[in-house]
1. Kindly write out, for region 121-133 in residue order, the coupling ³J(HN,Hα) from the Karplus curve 6.51 cos²θ - 1.76 cosθ + 1.60 (θ = phi - 60°), rounded to whole Hz, with x marking Gly and Pro.
2. Okay, which of region 38-54 sit inside 19 Å, backbone N to the point 7 Å along the Cα-Cβ direction of residue 27?
3. With each label point set 7 Å from Cα along the Cα-Cβ vector, what nm distance links residue 44 and residue 133?
4. Along its three principal axes, how long is region 51-139 when you only count alpha carbons? Whole Å, largest extent first please.
5. Please give the peptides 58-64, 123-129 ranked by average Cβ packing (other Cβ atoms within 10 Å per residue), highest first, as a rough proxy for protection.
6. If we count other beta carbons within 10 Å of each Cβ, what is the order of 42, 24, fewest first?
7. Along its principal axes, what span do the Cα atoms of region 28-79 show, with the longest given first and each in whole Å?
Amino acid sequence: MRPGAHARSAYLRSMTHTDRPAPTLDDFALLARRAFENLPSTFRDLSGDVIIRVDDFASDEVLDEMDIEDPFELTGLYQGVDLAHRSVLDPHPHPSMVFLYRRPILDEWCERGDVSLGELISHVLVHEIGHHFGLSDDDIHRIEDQA
């Protein structure tokens, strides 16, 4: 059985037999909190002031700013000043935030079928926290390829 397939199969069976609804925003928040708590302590400490928020989709304004037409294309987003560009002299009017988008993540999870929902949420969370550390998408992909 593929990694994560057992958890996914169990969840799908529970949905089939009990007509269980899709995981809610609160369910996602719980999975994101667990994913964050399972990160190495040094990683958590460095991300200390990041707020993690779960929404169904990115706002229309965010999608427009990023020139994204299909809201299912964006699973997560980091907003804020990354650690590489912060200065003690700069004001911080808004806290750094990681957004996880429930519907696109669920869509990717169903399409992939090779990871558990918790693993995918963790992956998106770590990717967005990577931006908090000042890493680009290319940097993050290189790190992932080496793992």
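1. Each residue of region 121-133 in turn: 4, 4, 4, 5, 4, 4, 4, 5, 5, x, 5, 4, 7 Hz.
2. It comes to 53-54, nothing else.
3. The two pseudo-label positions are separated by 1.6 nm.
4. The Cα atoms of region 51-139 stretch 46, 26, 23 Å along their principal axes.
5. Answer by packing, highest mean first, reads 123-129, 58-64.
6. On the way: 42 8, 24 12.
Sorted ascending by nearby Cβ count, the order is 42, 24.
7. Projected onto its principal axes, the Cα set of region 28-79 covers 37, 20, 14 Å.
A short reminder: the numbers here are calculations on the coordinates, not readings from a lab. Please read all numbers here as calculations on a predicted model, not as lab measurements. Cβ: placed from backbone, ideal geometry, glycine included. Neighbour counts: every protein chain shown.
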